[in-house]
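Structure record follows, encoded as structure tokens.
The values are calculated or read from the model by the stated rules, or taken from the named source; none is laboratory data. This structure is a prediction, so every number in the text was calculated from the model and none was measured. A quick note on method: Cβ atoms are made from the backbone with ideal geometry, for glycine too, and the neighbour counts reach across all protein chains shown.
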Amino acid sequence: FNGKIPPMPWFGMDIGGTLSKLVFFEPKDSITAQTEDETQLLFNVTKYLTKNSAYGKSGHRDAHQQMNNVKICNRIGTLHFIRFPTSEMNNFLELSKKKGMAASVSTVCATGGGAFKFEEMFKNELNLKLCKCDELDSLIRGLLFTVASNNNECYFWSQCTEDEQCSTQEYTFQYNKYPFIVVNIGSGVSVLAVYGPNNYKRISGTSIGGGTFLGLCSLLTGCNTFDEAIELAANGDNVKVDKLVRDIYGGSYSRFGLPGELVASSFGHMNSKEKRAQVSREDLARATLVTITNNIASIARMCALNERIDRVCFVGNFLRVNPISMKLLSHAMDYWSNGSQKAIFLNHEGYFGAIGCLLSFDE
Ligand code: ADP
């Protein structure tokens, strides 16, 4: 943007492998627009986006995540958060055309792989130019901005050894103190070490992420959505599917500090025909969730240990409506590090890329 602030409306878009995230800034101050046209267009777009919470068949606004009184480029306003499956991109483009959203903007800041993949489509269908930002730059920028703007953005799970007592507590994240680690669990996983506002590196990653959970869970249970998969997992028991240390030792393997309840072999019971006959869809969903989550926890722990960093922020939409994974991650980090590593979670879990992208002209 060469230092110039683009006309409103301001959008930031993160087109991921599974979900597309759209952040919209609604100005609430009394500064008037430059032209009459600008006012009318902004009014129409704002009305459509803020009066509805569902768009077409698959677009959702996360009203509970709305951020009020945010300051961007010296303007005060509200940030709105919208998501839809990336597989519905055609319908999104059609709806944008129909609702006049595309006519109201000439450039949209976009990040994620889809900013590249769909660039031509945006140009041809909407005559819209995508201003592409790097997704990890955007993620860090969005995260730092959100934590700085929102006192109650961060939380942690306390007492996760006792399931009944495990609950969330607000966490005062000293975001201006470095370093810290960010584990972004989307379709796949990226692990970043952040040393300063413009200084980070991608230290690790794994293809076994949220997409893997949903893919395997769909195969094993026939579920159709992520929310359904999580619901199934909440009502299942992985102990029927996984082989535990106690299934092998009859108790704990105390010489090396391995408790009997620890999973020794994920899905280890499923080679037995009898055991297979005893498991439910719920148990399979739970075991899939536990397997994927524990694997991510291991990688996160080793990264934190290698980098000698103790604060680990877990973000990404895999954690959406997913307290089971958050508790598991918290417990794993705490237990295996003897309490020295801390798992931190953020309320806007999946939206930091889109937020950072919207902020890209405010540099
Ligand atoms: P990406 O940018 O790769 O799409 P996200 O951070 O948006 O990554 O996370 C995508 C993951 O979030 C999915 O793989 C799935 O595990 C989980 N998820 C949460 N909510 C949904 C949803 N409504 N639809 C599909 N996947 C969802």
Just to be sure I understand the filter: pairs with C-beta atoms under 7 Å, separated by 6 or more residues or on different chains, first member in the stretch 195-209 and free of Cβ contacts under 8 Å to residues at least 12 places away in the same chain, second member more than 16 Å from the ligand (Cβ to nearest atom) and in a strand (DSSP E or B). Which pairs pass? LYS201/ALA193
When you scan the stretch 312-334, how many residues do you find that are more than 16 Å from the ligand (Cβ to nearest atom) and buried (at least 22 other Cβ atoms within 10 Å of the Cβ)? 3
I'd like to know if the stretch 281-299 contains one or more residues that are in contact with a Pro (Cβ under 6 Å, 6 or more places away or on another chain) and closer than 21 Å to VAL194 by Cα. no
The one condition ASN306 fails out of (1) within 15 Å of the ligand (Cβ to nearest atom); (2) over 24 Å from SER158 (Cβ atoms) is (1)
Within the stretch 196-204, is there a residue that is at pLDDT 95 or above, crowded, with 19+ Cβ neighbours inside 10 Å and within 14 Å of the ligand (Cβ to nearest atom)? no
Please go through the stretch 76-109 and give me each residue that is hydroxyl-bearing (Ser, Thr, Tyr) and away from the ligand (no atom under 16 Å from the Cβ), ordered by number. THR78, SER96, SER104, SER106, THR107
Going through (1) loosely packed, with under 14 Cβ neighbours inside 10 Å; (2) closer than 12 Å to LEU139 by Cα; (3) among the hydroxyl-bearing types (Ser, Thr, Tyr) one by one, SER207 fails only at (2)
Please state which of the following conditions SER337 fails to meet, knowing it meets all the rest: (1) surrounded by 24 or more Cβ atoms within 10 Å (Cβ to Cβ); (2) more than 11 Å from the ligand (Cβ to nearest atom). (1)
Given the conditions (1) farther than 30 Å from GLY186 by Cβ; (2) of a type outside the set (Ser, Thr, Tyr); (3) crowded, with 16+ Cβ neighbours inside 10 Å, which single one is not true for ASP247? (3)
Go through the stretch 251-291 residue by residue and tally those that are surrounded by 14 or more Cβ atoms within 10 Å (Cβ to Cβ), among the hydrophobic types (A, V, I, L, M, F, W, C) and part of a helix (DSSP H, G or I). 6
Considering residues of the stretch 13-32 that are more than 8 Å from the ligand (Cβ to nearest atom) and among the polar types (S, T, N, Q) only, the residue surrounded by the most Cβ atoms within 10 Å (Cβ to Cβ): THR32
